[in-house]
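The values are calculated or read from the model by the stated rules, or taken from the named source; none is laboratory data. None of the values given here were measured: they were computed from a predicted structure. Ideal geometry is used to build each Cβ from the backbone, glycine not excepted, and the neighbour counts take in all protein chains shown. Keep in mind that these areas ignore ligands, DNA and RNA; they rest on the heavy atoms of the full protein, side chains included. Shrake-Rupley method; radii C 1.70, N 1.55, O 1.52, S 1.80 Å.
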Amino acid sequence: MRADAVIAELRALQSLRPVLDAVTALSGPYEGVYLVGGTVRDLLLGERGFDVDIAVEGDAIAFAESLALALGGRVRTHRTFGTAAVFYGDGGRVDVVTARTESYHAPAVLPSVEHAGIHDDLFRRDFTINAMAVSLRPDDLGQLVDPFGGRADLEARRLRVLHPRSFVDDPTRIFRAVRYENRLGFRMDDETLRLAHDSVGTGHVGDLSRARLREELIALFGEGHVDHTIVRIHELGLDEAVHPHLAADAETVELLRRLTALDDEYELGVPSWRLGFAVLARRLPPEEVLDWLRSLKLRRRDAELIAAAVTVGPRLAASLGEADPAEVVALADPFAPDAPLFALALADLEPLRDYFGRLRGVRLEVTGRDLAGLGVAESPRVGEILAELRRRKLNGELAGRDEELAAARELIG
Ligand code: CTP
């Protein structure tokens, strides 16, 4: 796409028009104001929905404040980093950063930053396809700044780092490379691949903070259709670098496909990253799974559900073949939906299909209030009677409110 076509494309996106017009109108006093990073990449790829990232040569915070005013929105600033986010309209967001250069004092830790021009700002970035900018100043509106051959790499569907220390400075970029390979169908070029292998081999991934590692894994497995991701993290040795027992092989691909399909079929809404964590962690010694997930500082509930999938799921698959419906619910409910879903992906058992298709939704028509009306005082007895009624209902012994009430009377008696 020609440079002037980029801006035409941008303006064609009606929803962004007011934003771009405002940015251009405000850009006069600034050295440079650019659309940068993934926004330019996605625009050149013809994507329609993307975030708007702006880099300002000058005071990005002041720029963001004026932009918020112009759009009738509000601004959130991070003065130490020279960044701001502008929120406007119905869910619109623009991220504004001060063009900067970064230096890394040690591998795998966050860099220190200094104000700089757009070329330095692009040079601090991960891949050539993310290191392009489009000017939004009126005097050179639409001018593409592409010092590292990003556009050619987009056309060749190639991921290329800008310099040999890129993965040493920031090993999260190896995960990002895999994510882009999977999402875009691009591939790292030979040199980038070699540098990724070297960085993993030298142990830099292990130096990452647990929180950064967690974010990268969630992003990797949050994308859906991650077959290539699984194959690639094994080829690169990322699986072993993260944990020696992580499972990333053909069986993992297959199991995750089945889990995803079942999650969709029964509309369970389990986030895809959680399914990804479960298939990866399934060969860890069971007693270590929860500790490992907690070490990544996952939210407690997420960690428990994933751990249950890995440790309880196989037990459910092995034990539910002959269970009656009430037993299935009693065993599956405390760990639902992840563990029974994992069990169903391991073994296509009718009782588990019944659990997701029907049993999970079975509710009694009588309530504690009905029992009170029948003279049962508030006590643990109420819960016991309701549990027994539910057991009978699940097993098909009760149909409708009248039968439930009759059974309740019999139990009370
Ligand atoms: N970036 C980088 N190194 C990282 C993270 C980000 O160089 N470890 C740069 C890239 O230029 C990227 C930009 O910062 O384009 C914004 O980061 P992010 O929002 O994570 O990426 P996007 O490309 O905007 O979006 P996504 O990857 O989600 O498509």
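Solvent exposure of the chain, expressed per residue, is 46 Å² of accessible area, with all protein chains present and a 1.4 angstrom probe. For Met188, the residues whose amide H sits under 5 Å from its own are Leu159, ignoring neighbours fewer than 5 places away on the same chain, with H placed 1.01 Å from N. Contact order, relative form, for the chain: 9 percent (alpha carbon pairs under 8 Å, 6 or more residues apart, mean separation divided by residue count). Size descriptors for region 166-311 (Cα atoms only): Rg and Dmax, in that order, 14.7, 44 Å.
Please give the helix 300-311 orientation as an angle from the longest Cα principal axis of the chain, in degrees from 0 to 90, rounded to the nearest 10. Tilt of helix 300-311: around 70 degrees. Quick one: net charge of Asp51's neighbours, Cβ under 13 Å, K/R +1, D/E -1? Residues near Asp51 contribute -1 overall. Across His78, His115, His228, mean-square fluctuation computed from a Gaussian network of the chain (C-alpha pairs under 10 Å connected) peaks at His78. Placing unit charges on the Cβ atoms of the charged side chains and taking the dipole of the chain about its Cα centre, the candidate lying farthest along the positive direction among Ala387, Ala323, Val161 is Ala387. Compared with the dominant Cα axis of the chain, that is its longest principal axis, helix 60-71 is turned about 70°. Taking the 1.4 Å solvent-accessible surface of the chain as the whole, the part contributed by carbon and sulfur is 50%.
The GluC sites (Glu not before Pro) found in region 12-71 that occupy coil by DSSP, while having at most 14 further C-beta atoms within 10 Å, are Glu31, Glu47. How tilted is helix 210-221 with respect to the longest principal axis of the chain? Cα atoms for both, answer in degrees (0 to 90, nearest 10). Tilt of helix 210-221: around 80 degrees. When you filter the trypsin sites (Lys or Arg not before Pro) in region 11-57 for DSSP loop state and at most 14 other Cβ atoms inside 10 Å of their Cβ, you are left with Arg48.
Peptides 13-26, 150-163: what's the order by average Cβ count within 10 Å, highest mean first? Can you show the working numbers first?
Numbers: 13-26: 16.5, 150-163: 18.3.
Result, highest mean first: 150-163, 13-26.
Could you work out which residue, out of Ile385, Ile54, Ile230, moves most in a Gaussian network model of the chain, that is, has the largest mean-square fluctuation with Cα springs under 10 Å? Comparing Ile385, Ile54, Ile230 in the GNM, the peak value goes to Ile385. Report summary: the helix-based calculation at 222 nm, which adds -39500 (n - 2.57) for every DSSP H run with n ≥ 4 and divides by the residues of the chain, gives -15500 deg cm²/dmol. Build a GNM of the chain with springs between Cα atoms under 10 Å: which of Asp95, Asp370, Asp198 gets the top mean-square fluctuation? Between Asp95, Asp370, Asp198, it is Asp370 that shows the largest mean-square fluctuation.
Each peptide in 389-395, 376-382 was scored by the mean count of other Cβ atoms within 10 Å over its residues; highest first, the order is 389-395, 376-382. The residues packed around Val75, meaning those with a beta-carbon under 12 Å from its beta-carbon, carry a net charge of +2 if Lys and Arg are +1 and Asp and Glu are -1. Which of Gly237, Gly203, Met188 sits closest to the plus end of the dipole of the chain, meaning its Cα is farthest towards the positive end, when Lys and Arg get +1 and Asp and Glu get -1 on the C-beta? Of the listed residues, the answer is Gly203.
If we count every other residue with Cβ under 14 angstrom of His105's Cβ, Lys/Arg +1 and Asp/Glu -1, where does the sum land? Could the numbers behind the result be given before it?
Numbers: positive: Arg165; negative: Glu102, Glu114, Asp169, Asp170, Asp207.
Net charge in that neighbourhood comes out at -4.
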